[in-house]
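Heads up, the thing below is written out as structure tokens.
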Amino acid sequence: MKLASLKSGGRDGTLVVVSRELSRCVAVPDIAATLQSALDDWESKSVQLAKVSTSLESGPVRGEQAFDTAAAHSPLPRAYHWVDGSAYVNHVELVRKARGAEMPESFWHDPLVYQGGSDDFLGPRDDIPVFSEEFGIDMEAETAVITGDVPMGTSVDNAGKYVRLLMLVNDVSLRNLIPGELAKGFGFYQSKPSSAFSPVAVTPDELGKAYNAGTVNLPLRTTLNGKLFGEPECGVDMTFNFHQLIAHVSKTRRLGAGTIIGSGTVSNYDRSKGSSCIAEKRMLETIEQGKPVTPFMRFGDTVRIEMLDKQGNSIFGAIDQKVVQARLP
């Protein structure tokens, strides 16, 4: 089942069920007006939504319309909770190596996460507004899950049953603002503006065998200004799977339905697969050449993030954005 939120429904969008090939959709106000309301009563609503999805795959249904990703919000235009991980520890290791810093051994068995702003996500086709190119504008291609209500103290073995949906993420980062914020010892804020998510969120069964034990086993493709930037395998070198991340973040708190958990930048030790963010490529250049060569994004640059199945079909639709200069209010 594939779900999306159209911008026509105000801040939280209008929930629609989307056809598998992403060409048609139908609103379901009699079931749930928004994705969040469906998640709040998932045991009941998911069954009803699945019936609509089956009907949509069988042929035309009353009230259907063409699905236009430009008209879509992120599946959850705003969320109660957004926590991003750094599940690909080789990426973290590379960051620290580039600046000559040792990585704590604990990073290999204790996940690294931060809680980000979730009140104003960008749509998958929305521009990325930034005031200055000097901020060091970067994309970060990731996968993410949306959970149901997760009890405090959930174990890794039980975490999988709380995964409701999967998405792609562009976790925009302002790299030149990060060092100053981290130096204060209190984490990210200004350096992490609004993230964007894929046009649709999908139930795990849509990925078939490609989703297994909390891991997506497909490549994540990122292009920068129309040129392939990276296509690393999501299921390779993922130190902490989503089940482990759920257990980690629920250690001392409950998670409310609609919590989004990101994987962090997808990264492989096999560097021939390219990178999912500019910072990683700059790190490799620093290690190999003594200095970074690839510039961060500039106004007018475009980024596209997409995942294809084995037959070449887009699973989530594409995040397709342009960086623009933000204007003062």
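All of the numbers you see were taken from the coordinates with simple rules; none came from a lab. Given the structure is predicted, the values throughout are model-derived calculations rather than measurements. Neighbour counts are summed over all protein chains in view; Cβ atoms, including those assigned to glycine, are modelled from backbone coordinates with ideal geometry.
The table below gives the values:
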| read-out | value |
| --- | --- |
| Sequence-distant residues sharing a close amide H with Ser74 (under 5 Å, placed H) | Gly123, Phe197 |
| Gain upon complete extension [Ser23, Ala70; 0.36 nm per residue less C-alpha separation] | 15.7 nm |
| Separation of alpha-carbon centers, the stretch 178-209 and the stretch 78-146, rounded to whole Å | 5 |
| Folded to 0 to 90 degrees: helix 89-98 orientation relative to the chain principal axis, Cα | 30 |
| Pairwise label distance in nanometres, Asn90 with Arg11, each label 7 Å out on the Cα-Cβ vector | 4.3 |
| Fluctuation leader among Pro129, Pro75, Pro219 - the chain, Gaussian network, Cα springs under 10 angstrom | Pro129 |
| Net length gained if the chain between Met103 and Ser58 were fully extended (0.36 nm per residue, minus Cα distance) | 10.9 nm |
| When each of Lys51/Lys322; Lys2/Lys209; Lys97/Lys192; Lys209/Lys322 is checked by Cα-Cα distance, pairs over 25 Å | Lys51/Lys322; Lys209/Lys322 |
| Two-site FRET efficiency, Asp30 against Leu328, from Cβ-Cβ distance with R₀ of 56 Å, rounded to 0.05 | 0.80 |
| Rounded to 5, the percent of DSSP beta bridges in the chain classed as antiparallel | 90 |
| Prolate/oblate/rounded call for the stretch 135-253, Cα gyration tensor, a/c under 1.5 rounded | oblate |
| Cα centre as origin, Lys/Arg/Asp/Glu Cβ charges: the chain dipole, Debye | 240 |
| Selection of trypsin sites (Lys or Arg not before Pro), the stretch 118-195, meeting DSSP coil and at most 15 other Cβ within 10 Å | Lys184 |
| Positive-end extreme of charge dipole, the stretch 230-304 - chosen from Tyr269, Gln244, Thr294 (charges on Cβ) | Gln244 |
| Derived scalar couplings ³J(HN,Hα) [the stretch 153-170; Karplus, 6.51 cos²θ - 1.76 cosθ + 1.60; whole Hz; x for Gly, Pro] | x, 4, 8, 4, 5, 9, 5, x, 6, 9, 6, 9, 9, 10, 9, 9, 9, 10 |
| Table column - 3J(HN,Hα) (Hz), the stretch 111-125, Karplus curve with 6.51, -1.76, 1.60, x for Gly and Pro | x, 9, 9, 9, 9, x, x, 10, 8, 7, 6, 7, x, x, 10 |
| Per-pair calculated FRET efficiency, R0 = 25 Å: Asn158 and Glu43 via Cβ, rounded to 0.05 | 0.95 |
| Among Ala183, Ala318, Ala196: highest mean-square fluctuation, GNM of the chain, C-alpha pairs under 10 Å | Ala183 |
